Amino acid sequence: MQPNPMRNRFLLFFAALLAMLALDGCAGFFNRDAMRVTVAGIEPLEGQGLEMRFAVKLRVQNPNDAPIDFDGVALDLDLNGRAFASGVSDQRGTVPRFGETVVSVPVTVSAFSVARQAFGFANGGTVSKVSYAVRGKLAGGAFGGARFADSGYVDLPGMGAAGD
C-alpha cells in the first residue's frame, strides 16, 4: 500500500484542529486560582486494635467565580517530614463560587507511625515546634478533581528549652 500524501495532510490538519479545540476548551481551567485548604480541626474517632483514628476537618475555600463539585476526598498528613496518617472519604458536595465549606475526612494513624514519631522526638532533644504537611485531592470534575496542599508549624506550649 502506497502512502497517500493528501490523506496524510488531512490527518495532520484534523489532529491540529482537535488539539486547538482541546486547548481552547481547557483555557478556563488554566486560569483558575488554586483552592485554599487549611486544617480547621481534629476530632478523635474510635479505632481498631493499636491504630488511632481521627476526623480531620478541612476548610476548603474556592477563590474562583465557578463552583467546584467534588465526589470523594483523599488526604495524607505528614509530621516532621514523615508520613503519619492517611484517609479517604466518599463525601460529596460543592464548594460554592467565592465560598467555602468544611469537609470531614477520617484518617488512620498506625501504631508504627506513632512509634516512629515518638522515637524522632526522643532522639531530637527538646522540641518546641512540629512541622506538618497536608496533601490531598477533591475528586470529581472533568479532569479528575482538584489537588490541594498546606504546610506549616505547630508550636507546642511549654515544650521549649529552658530560658525560652
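The values are calculated or read from the model by the stated rules, or taken from the named source; none is laboratory data. This structure is a prediction, so every number in the text was calculated from the model and none was measured. No Cβ is skipped: glycine too gets one built from the backbone with ideal geometry, and neighbour counts run over all protein chains shown.
Is it the case that the range 8-16 has a residue that's of a type in the set (A, V, I, L, M, F, W, C) and either in a strand (DSSP E or B) or at pLDDT 90 or above (or both)? Checked against the condition, which is being of a type in the set (A, V, I, L, M, F, W, C) and either in a strand (DSSP E or B) or at pLDDT 90 or above (or both), the range 8-16 yields no hits at all.
Just one of the listed residues (Ala55, Ala40) is modelled with pLDDT under 90, surrounded by fewer than 17 Cβ atoms within 10 Å (Cβ to Cβ) and part of a strand (DSSP E or B), and it is Ala40. In the condition set (1) surrounded by fewer than 15 Cβ atoms within 10 Å (Cβ to Cβ); (2) closer than 18 Å to Arg36 by Cβ, Ala115 is compliant with all but (2). Take the residues of the range 121-143 that are of a type outside the set (A, V, I, L, M), under 19 Å from the mean Cα position of the chain (by Cα) and at pLDDT 65 or above: which is farthest from Asn80 (Cα to Cα)? Here the answer is Gly140.
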